[in-house]
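First the structure, in the form of structure tokens, and then the observations on it.
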Amino acid sequence: MKSPHSKTNKTKKEKAPKTPLRAPHAATAWSSGEEEEEEEDPDLRHHEHANGRCGSGEHDHHDLPQQPVPFFVDDDRPASLVISVAKAALASTSTPAGSEAAGAAVLSALLAPLPLRAFFDTCFEERPVLVRRHANKKQGRAVVEGLFGSSDLFDLLQNHGYPFGTGVDVVKFDPQAGVRRTLNSNSDSPFVRPSDLRDALLGGASARILHPQRHHAPLRSVVAALEGFWGCAVGTNAYISPPLGHQGFAPHYDDVDVFIVQLCGRKRWRVFGPKTEEEVLPRWPSDDFREEELGPLLLDAVLRRGDVLYLPRGTVHCAATVGDEAERGEDDDDDAYGEEEKNEEEDDDDKEDLDGGAMLPSLHLTVSVCQRSTWADFLAVALPRAVELAAASNVELRRSLPRGLLVSSLGVAREDAAERAEEEVDDDDAGEETPVVPGGTAPRSEYARRARNRAHALEVIRQAAQAVVAALPVDAAADRIGADFLLSRMRPTAPLEETEKKEKQNKQKTSSSTSSLPAFSRPACGGTAARLCVEGDSAVVYHCLANESEAHAEGSAAAPSPSSNTCGGRIELSLEAAPALELLLGVHSARPGVDAIRVSDLPGIDEDEGDDDEDQGETAAAVREALTALLEAGVVEEVEEREEGEERRTKKKKKKQKK
């Protein structure tokens, strides 16, 4: 892939009209202070920052896009009021596993005390955010408690087989050459052993462990919750580096919005602004940048345990460790270098110093969101089908291209010739021959004809594009994207006691009459685990409850095809049951404040309703069959009989009126 700053591509590229960038917000700091209502905008205080400083290269700031101003959050809360990220991801009555509410709780724990509304109104996709938790060591420890540690990292390598390249990257930044060196090699084992990683760290290299959420329960819960919140794929990587100025990666930007969580040790982050508009919210990652290619320096800060740094897509960054003189036991609870795996007879002075704990390695986690989840990606799915629909209803789109159009009037080489022809054609000299293209001559009238053909063709294309846009199958495209996401997202996992309770209920239901249905039912995971689609003459429910966590983030190659009948997350049902399924699976959005619905209220389930008893009986049977299938798959779950939310609120309102 060519980097946006690469100069090797000489071909003239056609560019779409540019739209002005949104101006950065002026406010840049926030302190927890007194607790405020989320509905109100925070009291944002101005914080002067060296926004004009640059890397070693020279820049004409008049040619740069408007630069984002970093946003600083100082968390002054006592440790007793801090909710850990891992605890926030745990399911509860009000926040089912993998639900939007659970994801909001996780994101709130990451960014606290910054309210989510302030983050999305002021910072998301706009500017870096640094949440600093330096009030005391207990505060930072409380945020990341139980989330992921270096001992967890070594356990993954020991027990789950992470290979070089696809599982672990060992890297080292070469400051002399300004490039990253990849050191993936192991001659006698296909997998990275804990001793391999420890030796790499002691040799000054860093390591990136990809997708630790596949085998680590707290990270699985965090990812499942955030996927329920964002509605798109979420991933994690873990990075470990030795202390004292070691850097693993060259400056670069990513194609994801990322939340960087410092788990132990310290790391200095440098963040740079964009040099071109193409670097703002890019859809693809960059190549490595050299120092002279960097834009203005926006942020230079050291992250300590519990600190969180948010970087929008396209934010150029690099990081290096700094010395951490904290004593063992105060700043880190983990065996940073996998000491249990270390040879106790090792007497190397350097290793003894590192393993002794006086210098802690840096371990941080990246939580990435919004990859390939842009309007452009949505249109990439919707437009091919829109072309088919528009062509089926518009005969003009089915007419042949004019003879010779592609040869004489359209193409990169013809674009410049057409522009010159428009400038040079003179009606008075229509018969004069002028070399318009290198190496050839033709009457100016001929080039004028080609220019007119080109202009006419472009107008026809514009009109055709309008017809295609009018035929966009927006909802069908959303269903396609949503189904693909569900078949690849992390399967939410309920707490053990809740799982045991459901298994007991299922056994009781199996032993009883198969025709009985629960009085109340609701969609699993707060309605984020399944999606109803219509495909031909069938209602199809896609869900994530059959996904394997070990295959999470493998990409489309690992996910089953949505149209495959063998897909474990695909349930094909009668179209007659669609109205009932739509209400049941969408109860959260259709009836705000209600998380469950009375089964007898589902459309078509009552055989006594309707004029045509035979048709009504078939519909009722289809609804019952569909509900039974969804219950067995866990897509919907039985709820103990209780008053519905709306009825309960109505009764409370009447009581208040009487008082």
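The values are calculated or read from the model by the stated rules, or taken from the named source; none is laboratory data. No experiment lies behind these values; they were computed from the predicted model shown. Here the Cβ is made from the backbone with ideal geometry for all residues, glycine too, and neighbour counts use every protein chain on show. To get the accessible areas, we keep the full protein, side chains included, count just its heavy atoms, and leave off ligands, DNA and RNA. Shrake-Rupley method; radii C 1.70, N 1.55, O 1.52, S 1.80 Å.
Criterion first (over 26 Å from Asp300 (Cα atoms) and in contact with a Leu (Cβ under 9 Å, 6 or more places away or on another chain)) does Ala89 satisfy it? Yes, satisfied. Of (1) modelled with pLDDT under 95; (2) within 19 Å of the chain's Cα centre (by Cα), Val106 satisfies all except one. Which? All conditions pass for Val106, except number (1). Residues that are buried (at least 20 other Cβ atoms within 10 Å of the Cβ) and assigned to a helix (DSSP H, G or I) within segment 124-147 comprise Gln139, Gly140, Arg141, Ala142, Val143, Val144, listed in sequence order. Considering segment 197-234 alone, what residues qualify as being assigned to a strand (DSSP E or B) and either among the polar types (S, T, N, Q) or open to solvent by 10 Å² or more (accessible area, probe 1.4 Å) (or both)? Within segment 197-234, Ser206, Arg208, Leu210 qualify.
Going by the structure shown, is Arg489 open to solvent by less than 30 Å² (accessible area, probe 1.4 Å) and basic (Lys, Arg)? Steps first, please.
Working: open to solvent by less than 30 Å² (accessible area, probe 1.4 Å): yes; basic (Lys, Arg): yes.
The answer is yes for Arg489.
Each residue in segment 257-314 was checked for being in contact with a Cys (Cβ under 6 Å, 6 or more places away or on another chain) and either polar (S, T, N, Q) or more than 29 Å from Ala135 (Cβ to Cβ) (or both), and 1 of them qualify.
Residues in segment 104-123 that are open to solvent by 40 Å² or more (accessible area, probe 1.4 Å) and not acidic (Asp, Glu): Ser108, Arg117, Phe120. The single condition among (1) modelled with pLDDT under 95; (2) in a helix (DSSP H, G or I) that Lys275 does not meet is (2).
Looking at segment 81-103, which of its residues are at pLDDT below 90 and open to solvent by 20 Å² or more (accessible area, probe 1.4 Å)?
Looking only at segment 81-103, we keep the residues that are at pLDDT below 90, and these are 90-97.
Passing the criteria: Leu90, Ala91, Ser92, Thr93, Ser94, Thr95, Pro96.
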